[in-house]
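What follows is a short report on a single structure.
The values are calculated or read from the model by the stated rules, or taken from the named source; none is laboratory data. Only a predicted model underlies this, so the values are computations on that prediction, with no experimental measurement involved. FYI the Cβ positions are ideal-geometry reconstructions off the backbone, even for glycines, and counts take in every protein chain you see.
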Amino acid sequence: MTTQVTIPHTQVFNLHSERADAHFQIWVAEPVAGVMPLPPGPRQVLYVLDANLFFGTAVEMSRLMSQLYGELPPLLVVGVGYETTRPAIQAELRARDFTPTADSGFGAMAQSHPSAPEPTLPEGRRLGRASEFLDFLSEEVQPFVEGRFAVSDEGSTLFGSSLGGLFTLYALLKRPEAFDAYIAVSPAIWWDSAYLLKLETEVARSRDDLAAKLFLAVGGAEERADIPQLAPFRMVSNLHAFAEQLSEHRYPSLALETLVPEGESHTTVVPVALTRGLRYVYRPRRPAPRP
């Protein structure tokens, strides 16, 4: 007889979204005490996109970093995922939810593998639903979590990778007040002919500030010519272009850091960037020097 391995002190909730008109699973992991007891008080929250892919990594690393050396405060980790174990279905659903427009700009190359099964989502609901998904996160998921767990009014972080990184930056630009910090790893800035760069230009014209911490990361090997599946998307160049554009607009309350670890690919960069990003996000800001 065998039993499944589970992550201790976790719960799974099924949630239907009125805003997105779709079903989701909300996975919640409470912090676990290490050698020392947990400090009292409400918890800061890490929201993890693509929970089916990254929840376990985020939970175990954030717990270890908190327990062993106190590199992080004890975090409540909230994953947003899908009620399926089929990677092809997960890929469809995340493409629906994380993309801000229905045009990838790369045609079928960016949307499916030649051997992928036929889509299960109806025409018109396969891409470009990021606005509805952002409503779901800020108007349904956050109140759901706040109503069931003792969480802090400050210190919320949104983490996403690849298309999830694209959405993370979209959320920062569209609704910066939704989270206190954003960790975007290998963001698909190439989407729809670099739509995000155009959106950021529009944001800079309409507002003077983005009050948030932002950690941007991409693997140093993601634009190498010997990895033809990645090179056309210009992942490294696009990340630098986005960071430079943000810096040029001089948002006074935006704290920005970038990381391009050498030798890391689109997959292996995730744990490196997540742990470094968490340390950056939860490191107290140093007060500005007095004039």
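If you check Asp226 against the conditions, is it surrounded by fewer than 19 Cβ atoms within 10 Å (Cβ to Cβ) and either out of contact with any helix residue (DSSP H, G or I) (no Cβ under 7 Å at 6 or more places or on another chain) or outside any loop (DSSP other than H, G, I, E, B) (or both)? Spell out how you get there, then give the answer.
On the way: surrounded by fewer than 19 Cβ atoms within 10 Å (Cβ to Cβ): yes; either out of contact with any helix residue (DSSP H, G or I) (no Cβ under 7 Å at 6 or more places or on another chain) or outside any loop (DSSP other than H, G, I, E, B) (or both): yes.
Taking the combined requirement at face value, the residue satisfies it.
Identify, please: which residue in the range 174-191 is closer than 16 Å to Gly164 by Cβ and assigned to a helix (DSSP H, G or I) and is, among those, nearest to the chain's Cα centre (by Cα)?
Ala178
Just the residues that are surrounded by 15 or more Cβ atoms within 10 Å (Cβ to Cβ) and either aliphatic (A, V, I, L, M) or touching a residue at least 40 places away in the same chain (Cβ under 8 Å) (or both), please, taken from the range 33-53.
As a first pass, look at the range 33-53 and keep what is surrounded by 15 or more Cβ atoms within 10 Å (Cβ to Cβ): 34, 38, 43-53.
Leu38, Arg43, Gln44, Val45, Leu46, Tyr47, Val48, Leu49, Asp50, Ala51, Leu53 - these are the residues of the range 33-53 that are surrounded by 15 or more Cβ atoms within 10 Å (Cβ to Cβ) and either aliphatic (A, V, I, L, M) or touching a residue at least 40 places away in the same chain (Cβ under 8 Å) (or both).
Take Ala221 and decide whether it is over 26 Å from Glu132 (Cα atoms) and modelled with pLDDT of 95 or more.
On the way: over 26 Å from Glu132 (Cα atoms): yes; modelled with pLDDT of 95 or more: no.
Criteria not met by Ala221.
Condition check: surrounded by 15 or more Cβ atoms within 10 Å (Cβ to Cβ) and closer than 19 Å to Thr168 by Cβ. Does Ala181 satisfy that?
Details: surrounded by 15 or more Cβ atoms within 10 Å (Cβ to Cβ): yes; closer than 19 Å to Thr168 by Cβ: yes.
For Ala181, the condition - surrounded by 15 or more Cβ atoms within 10 Å (Cβ to Cβ) and closer than 19 Å to Thr168 by Cβ - is met.
Is the range 234-244 home to any residue that is modelled with pLDDT of 95 or more, in contact with a helix residue (DSSP H, G or I) (Cβ under 9 Å, 6 or more places away or on another chain), surrounded by fewer than 22 Cβ atoms within 10 Å (Cβ to Cβ) and among the hydroxyl-bearing types (Ser, Thr, Tyr)?
no
Suppose we filter Gln25, Gln44 for residues that are of a type outside the set (A, V, I, L, M) and under 15 Å from Leu158 (Cβ atoms); which single one remains? Give the derivation first.
Working: Gln25 fails: under 15 Å from Leu158 (Cβ atoms).
Gln44 is the lone residue from the list that is of a type outside the set (A, V, I, L, M) and under 15 Å from Leu158 (Cβ atoms).
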